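A.B. asks: Sharing a structure, written as structure tokens. Questions coming.
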Amino acid sequence: MATDPASTPDWATLTVTIRALTRGETDTVALMATVACELHHAHPFADWTGFYRVTAPETLKIGPYQGGHGCLVIPFSRGVCGAAARTGQVQNVPDVDAFPGHIACSSSTKSELVLPVWNGHGQLLGVLDLDSDTPAAFTAEDEAALTPLLAEVFHHAT
């Protein structure tokens, strides 16, 4: 479990870094690539970090990511990413095997944190997916740091 303070990112520093790197950028893919890279290298339990983009009604397709291969297409009706897109709610799943309809893009994944990503016009752009080979890797602190950061970074995204 990710309960040791040394096992969580320095959210204050990471937030400043991501803000500096994305300031003035409005291209969604460029923003996703930058955020995925920074998060992946900063979170000690992130084994796969990336975005799934809304590309058609009820459909997510893989976007910028760091780590091994990911699923190419995820319908809103399936998996943790689909649930986040469908409900608009953060999904923090400590044990993916206990999640109904989990899609195993990688058999090593044990836990996931998925957050919906909206622009300032209320358009769902996609979801941010963090996967870990460690059970219960993601915390409420991770959610609390990422939710406003994503809202800020993608506010003007096109």
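A.B. asks: For the chain, can you list the cysteines whose C-beta has no other cysteine C-beta under 4.7 Å from it?
C.D. replies: Result for the chain is CYS37, CYS81, no neighbouring Cys Cβ within the cutoff.
A.B. asks: Okay, next question. Given the alpha-carbon gyration tensor of region 8-51, what are the semi-axes of its equivalent ellipsoid in whole angstrom, ordered largest first, with each equal to the square root of 5 times an eigenvalue?
C.D. replies: Values: eigenvalues 67, 38, 5 Å².
Sorted largest first and rounded, they come to 18, 14, 5 Å.
A.B. asks: Quote the charge dipole size of region 107-158 about the Cα centre in Debye, to the nearest 20; the model charges only the Cβ of Lys and Arg (+1) and of Asp and Glu (-1).
C.D. replies: Values: 1 positive and 8 negative charges, 32 e Å.
In total the dipole reaches around 160 debye.
A.B. asks: So, one more: Can you tell me the Rg and Dmax of the chain, counting just the alpha carbons, in angstroms?
C.D. replies: Values for the chain (Cα only, Rg and Dmax): 14.2, 41 Å.
A.B. asks: Quick check: residue separation of HIS155 and TRP11 times 0.36 nm, minus the Cα distance between them. What number comes out in nm? Mind dumping the intermediate values first?
C.D. replies: Details: separation 144, 0.36 × 144 = 51.84 nm, distance 1.95 nm.
Result for the pair: 49.9 nm of gain on full extension.
A.B. asks: Mind listing which GluC sites (Glu not before Pro) in region 1-92 are in a DSSP loop and have 16 or fewer other Cβ atoms within 10 Å? Spell out each step's value before the answer.
C.D. replies: Numbers: sites: GLU25, GLU38, GLU58; in loops: GLU25, GLU58.
Of the GluC sites (Glu not before Pro), the ones in loops of region 1-92 whose Cβ has at most 16 other Cβ atoms within 10 Å are GLU25, GLU58.
A.B. asks: Ok, one more. Using the Kirkwood formula over every pair of different C-alpha atoms, what hydrodynamic radius in Å results for region 32-121? Present the calculation step by step, with values, prior to reporting the outcome.
C.D. replies: On the way: mean 1/r = 0.0749 Å⁻¹.
Here the Kirkwood hydrodynamic radius works out to 13.4 Å.
A.B. asks: Something else: In whole Å, how far is the Cα centre of region 17-60 from that of region 109-158?
C.D. replies: 9
A.B. asks: Here's a follow-up. If packing is taken as the average count of other Cβ atoms within 10 Å, what order do 81-94, 10-23, 125-138 fall into, highest mean first? Walk me through the numbers on the way to the answer.
C.D. replies: Numbers: 81-94: 20.1, 10-23: 13.8, 125-138: 23.4.
Result, highest mean Cβ count within 10 Å first: 125-138, 81-94, 10-23.
Throughout, read-outs are computed from the coordinates displayed, never taken from laboratory work. Just so it is clear, the model here is predicted, and its values are computed rather than measured. Note that each Cβ is placed from the backbone with ideal geometry, even for glycine, and that neighbours are counted across all protein chains shown.
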